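Undergrad: Structure provided below as structure tokens; questions to follow.
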Amino acid sequence: MVHTDSRLADTAASDTATQVGSRTPVALDFGLLPAVMRSTARQHRLAVDERFGALLFHTLGMTDWSAGNRNPLDPARTATLRLRWGARTATVLIDLTQPAGLASVLRADDPEQDDAQTDTNLRATVSAILLEPLLKGFAQLGMQGVEVISLERNTEPVERPVECCAISFCIGDTRYDAVLDHIDDGWLDAFERRLGDHCMPLATHISEIEVRGRLLLGEKSISLTTLDSLQPGDIILRALPDAVRAFFLKETASVRLPIVWGHHGTRQLHAMADVADNVLTLTGNPTMSHDTRFNTPLTESSDTLVEIDHLDLPLKLEIDTVSLPVAQLSALRAGYVLELPTALHDTRIRLVTYGQTIGFGELVTVGDHLGVRVVQLS
């Protein structure tokens, strides 16, 4: 006789119903989903980009930057600020108590006032004075000539989308809360272009890592046999370009040299710099590259067999410069000036092949030639 546990049967039936129900598609009610306009979505992408907050902090000293999608403003203290930049306009809802004194600009409408236009212009002028830190900020970001068109108190509640782009920040001791109502695309285009030049901020423990830098004086191909026979006191000739020779012989005031940050055989930061005594100035924006080339052929023909002793190695002559933290490396641009710890003429030269230091040397002259005398071998 077979007995069936009713509790087990009920559980099985329930599980079956759950499984069937979970596989049944349910139509979405699009009326219940939040409506986000294309322009609002673009504003949000810009406002929440960590690079944007970092840009505002480093360029304007703006702090406590944050963005949200709900209007935090009290309707009783809300005013509409209209800005113009060339042919582009922007409308922003702001809190009348930020900064102090802004509320006094807007007085209740006077039915006996004859010249409303004069009053509007006066309010715009006074508002521009009170909002001067913001207008200066636009200029520092490359948006010259931003002006206040009008500032009007919101006398009646206005129907607006639930989803909006609300921002808050501090300039000095003054906090600003605002909601972006309408912004022409030209403003956003300008912000995004500026943002494209700004590096992504890194975590503190990463940004403080120091990366060793070095100047490349010259290089030459040298055979394994010759390299093995080097002794302290030997002089390496024909490894330095004429421009380097002229600089170290004080025939010229400066010399242009490549400078590199990073480890041999990995991606490194490369730049060109004008070097004068103990100061170097970047002449172009740094680039990232992974240099594994050395084009000197081992033999005249790829079909010719060679002894291992004849293997040519690249010998590079380098000078250690300054170690910079990652945060400072990310800020390097053309015109950036770095001070070397010692004058170039007094710095020892590192002998490097395939990223490995094999010794150190010093500059010497042999007749009209400039060479490197080996003082220490690893």
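FYI, it's all coordinate maths here, none of it is from the lab. What you see is a predicted model; the values in this text were computed from it and never measured. Methodologically, a virtual Cβ is constructed for each residue, glycine included, from the backbone with ideal geometry; neighbour enumeration extends over all protein chains shown.
Undergrad: Taking the Cα centre as origin and putting +1 on Lys and Arg beta-carbons and -1 on Asp and Glu beta-carbons, what dipole magnitude results for region 328-378, to the nearest 20 debye?
TA: 180 debye
Undergrad: OK, next. For a protection proxy built on the mean count of beta-carbon atoms within 10 angstrom, sort 313-325, 170-182 highest first, please.
TA: Going from most to least packed, we get 313-325, 170-182.
Undergrad: Quick query: amide H of residue 163 versus all other amide H atoms, modeled in the peptide plane; which residues come in under 5 Å with a sequence gap of 5 or more or a different chain?
TA: Those lying under 5 Å, H to H, from residue 163 are 35.
Undergrad: How far is it, in nm, from the label point at residue 330 to the one at residue 237 when both lie 7 Å from their Cα along the line to the Cβ?
TA: The two pseudo-label positions are separated by 5.0 nm.
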